[in-house]
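Q: Handing you a structure now.
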Amino acid sequence: MAYLNTRQRYGSLFIALHWIMLLLMAAVFATIELHENFPKGDPMRGLLMRWHFQLGLTVFVLVVLRLVLKRMAPDPEIVPAPSRLQHLGARAMHAALYLIMAVMPVLGYVGRSLGGKTTYFFGIGLPVFWGADKDLAENVFELHSLIGNTAYFLIGFHAAAALFHHYFMRDNTLTRMLPERK
């Protein structure tokens, strides 16, 4: 299997990044949801939040890599070709998902900085660029949360669309992103 995309299917590098990022996003969401089960000051709550930050920043690094790679190797064709409306809808969905994966970690980092807190990325303290502004930090985190809740629905819709294409449209939308069987 080729590392980069061909006209028929995604390359192994793109497939691996897609599924790794799905797992990372699931872990990011799980850590933020699970931390609510522990009272403030509990070490487990703090640990889950640190993992939330680190995994979120990892998503950011990988989405930048994916965007660079996407410029090098365009998406494979869908066979049979979807309607123009479906094509535009898919492009809008992918743009929204990429935007979410890029913006969410930035908002989290900015919110922490505005809260006067250092964010650590696997032991490396990232600089705090802004002075503390608790009110603005709260607004940034509200936006972060709103986008995060929207992401749940978009990710679910993305998965449902892939299954719809596979089982009802009977095209290669889903199979292009699955690892090849040998």
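Q: May I ask for the net charge around Thr119, where only other residues with Cβ less than 13 Å from the Cβ of Thr119 are counted and Lys, Arg are +1 while Asp, Glu are -1?
A: Neighbourhood net charge equals +3.
Q: Next up: Roughly speaking, what is the stretch gain from Glu180 to Arg50, that is 0.36 nm per residue apart minus the C-alpha to C-alpha distance, in nm to one decimal?
A: My answer for the length gained is 43.2 nm.
Q: When only Cα pairs under 8 Å and 6 or more residues apart are kept, what is the percent relative contact order across segment 32-122?
A: It comes to 37 percent, rounded to a whole number.
Q: Which whole-number percent is the relative contact order of segment 38-182 (Cα, under 8 Å, 6+ apart)?
A: 24 percent
Q: Still on this structure, please answer the following. For the chain, what is the charge dipole size about the Cα centre, in debye to the nearest 20, if Lys and Arg each add +1 at the Cβ and Asp and Glu each add -1 at the Cβ?
A: Result for the chain is approximately 640 debye, rounded to the nearest 20.
Q: Over all alpha-carbon pairs of segment 41-91, lay out the pair-distance distribution in 10 Å bins, whole %, shortest bin first.
A: Using 10 Å bins, I get a P(r) of 20, 25, 24, 18, 11, 2 for segment 41-91.
Q: Go ahead and estimate [θ] at 222 nm for the chain from helices alone: -39,500 (n - 2.57) per DSSP H run with n ≥ 4, summed, over the residue count, rounded to 500.
A: Taking each H run of at least 4 residues, the total per residue is -23000 deg cm²/dmol.
Q: Continuing with the same structure: For segment 83-127, what value does the Rg/Rh ratio take when both radii are computed over Cα atoms and Rh is the Kirkwood radius, given to two decimals?
A: 1.29
Q: Further, regarding this structure: Compute a Gaussian network model of the chain, connecting alpha carbons closer than 10 Å, and tell me which residue from Phe157, Phe29, Phe168 fluctuates the most.
A: Result for the chain, Cα springs under 10 Å: Phe168 fluctuates most.
Q: Sticking with this structure for a sec: Once Rh for segment 1-104 is found with the Kirkwood sum over Cα pairs, what is the Stokes-Einstein diffusion coefficient at 20 °C and 1.002 mPa s, in µm²/s?
A: This corresponds to a translational diffusion coefficient of 137 µm²/s.
Q: Further question: Have a look at Lys40, Lys134, Lys70 and tell me which one the Gaussian network model of the chain (Cα, springs below 10 Å) gives the largest fluctuation.
A: Of the options given, Lys40 has the highest mean-square fluctuation.
Q: Same structure, new question: May I ask for the Rg/Rh ratio of segment 104-163, computed from Cα atoms with Rh as the Kirkwood radius, given to two decimals?
A: So for segment 104-163, dividing Rg by the Kirkwood Rh gives 1.15.
Q: What is the Cα radius of gyration of segment 18-71 over 2.2 N^0.38 Å, N being its residue count?
A: Normalised Rg, Cα atoms only: 1.33.
Q: Kirkwood hydrodynamic radius (Cα pairs, Å) of the chain?
A: 18.1 Å
We did not get these values from a lab; they are worked out from the coordinates using the rules stated. This one's a predicted model, so the numbers in the text were calculated from it and none came from an experiment. Note that we place each Cβ from the backbone using ideal geometry, even for glycine, and neighbour counts take in every protein chain shown.
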